Amino acid sequence: MADEQVPKEVMTITKYLYNASKSGLHIREGVLNGRRVQYFKGKSAVNALIKPKTSSAPKCGSEEEAIELLEDMVAYQLIVRCDRKENQNVLHPSPFQEFKKDYYYAWVYEGSQLLVILGGIGLVGIVLAGVMFPLWPATLRQGTWYLSVGALGLLGLLFVIAIVRLIVYVISLVVLPRGLWIFPNLFEDVGFIESFIPLYGWDEPKDSAAAAGNPSAGGTTTATTTTGATSADGK
């Protein structure tokens, strides 16, 4: 439903709750009619309205006032009541559209579409720019060529590093007690700079891995270390 058809107070509350980082609304991910949606429990929405996180946030004076506003959100189809099986995130629209604290509600409201519109315009612009590439000035075409060659070079360098580090690791397994990794964080979930720090790292010893997989062995090692430290302190 269009924003202008919804009372201003209801739309203000809707936008506030939709921004979970500001409202503190506990959002969950689920599937409704084959489409991934966000949903929440009614009690969480009531608490977000009567106990706001900041003083500037919209606040309801009572639980009854909060429930009344949330009922308006259901009536204007900004949220929809759903039934959910225990411990499952597959939702089904309920035939009884009313607000109760113990029910679950999925978002129908999708927020501002400005970013979607701007993204679509930008995509069309990129496609048109690519189609009109032969009409670009010679300087721009030459610069684009240099950029593309540089990007391909970096991609090729990454493949070379990956192959070299694997070869070094396999060789180190044969001639050394432990495997040696070049750029051990290269494929870890870290930033670009952190992927190349440190320069190298040793593989975990087999004895340590076995101890980690055997709780009783790990406990024995810890106890021995603690006893040695105590004896040293006594001396």
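The values are calculated or read from the model by the stated rules, or taken from the named source; none is laboratory data. It should be emphasised that the depicted structure is a prediction, and the values quoted were computed from it without experimental measurement. With ideal geometry, Cβ positions are generated from the backbone for all residues, glycine too; neighbour counts draw on all protein chains shown. With ligands, DNA and RNA removed, areas are computed over all heavy atoms of the protein, side chains included. Shrake-Rupley method; radii C 1.70, N 1.55, O 1.52, S 1.80 Å.
Quick notes
- Exactly one residue out of Arg141, Arg165, Arg178 is in contact with a strand residue (DSSP E or B) (Cβ under 8 Å, 6 or more places away or on another chain), modelled with pLDDT under 90 and either basic (Lys, Arg) or over 18 Å from Leu199 (Cα atoms) (or both): that is Arg178.
- Number of residues in region 19-51 that are at positive phi and open to solvent by 70 Å² or more (accessible area, probe 1.4 Å) equals 2.
- Leu123 being modelled with pLDDT of 90 or more, open to solvent by 70 Å² or more (accessible area, probe 1.4 Å) and more than 21 Å from Leu17 (Cα to Cα): yes
- Single residue of region 79-95 satisfying the filter (within 28 Å of Glu9 (Cα to Cα) and assigned to a loop (DSSP other than H, G, I, E, B)) that is most open to solvent (accessible area, probe 1.4 Å): Pro95
- Meets criteria (surrounded by fewer than 16 Cβ atoms within 10 Å (Cβ to Cβ) and part of a loop (DSSP other than H, G, I, E, B)) for Thr54: yes
- Taking residues in region 174-187 that are without any contact (Cβ under 8 Å) to a residue 24 or more places away in the chain, and partners anywhere that are part of a loop (DSSP other than H, G, I, E, B) and among the polar types (S, T, N, Q), not one pair has Cβ atoms closer than 9 Å while being at least 6 places apart or on different chains.
- Taken over region 20-77, residues that are in contact with a Ser or Thr (Cβ under 8 Å, 6 or more places away or on another chain) and touching a residue at least 60 places away in the same chain (Cβ under 8 Å) amount to 1.
- Filter result for Tyr76 (modelled with pLDDT of 90 or more, open to solvent by 20 Å² or more (accessible area, probe 1.4 Å), closer than 22 Å to Gln5 by Cβ and in contact with a helix residue (DSSP H, G or I) (Cβ under 8 Å, 6 or more places away or on another chain)): yes
- Annotation note: of Gly153, Gly130, the sole residue that is more than 23 Å from Phe196 (Cα to Cα) and either open to solvent by less than 50 Å² (accessible area, probe 1.4 Å) or without any contact (Cβ under 8 Å) to a residue 12 or more places away in the chain (or both) is Gly130.
- Applying the condition of being more than 35 Å from the chain's Cα centre (by Cα) and surrounded by 12 or more Cβ atoms within 10 Å (Cβ to Cβ) to region 159-177 and asking which residue is farthest from Trp202 (Cα to Cα) yields Ile171.
- Given (1) open to solvent by less than 70 Å² (accessible area, probe 1.4 Å); (2) touching a residue at least 12 places away in the same chain (Cβ under 8 Å); (3) not aromatic (Phe, Trp, Tyr), number of the condition Glu98 does not satisfy: (1)
- Test: residue in region 112-126 that is assigned to a loop (DSSP other than H, G, I, E, B) and not aliphatic (A, V, I, L, M): yes
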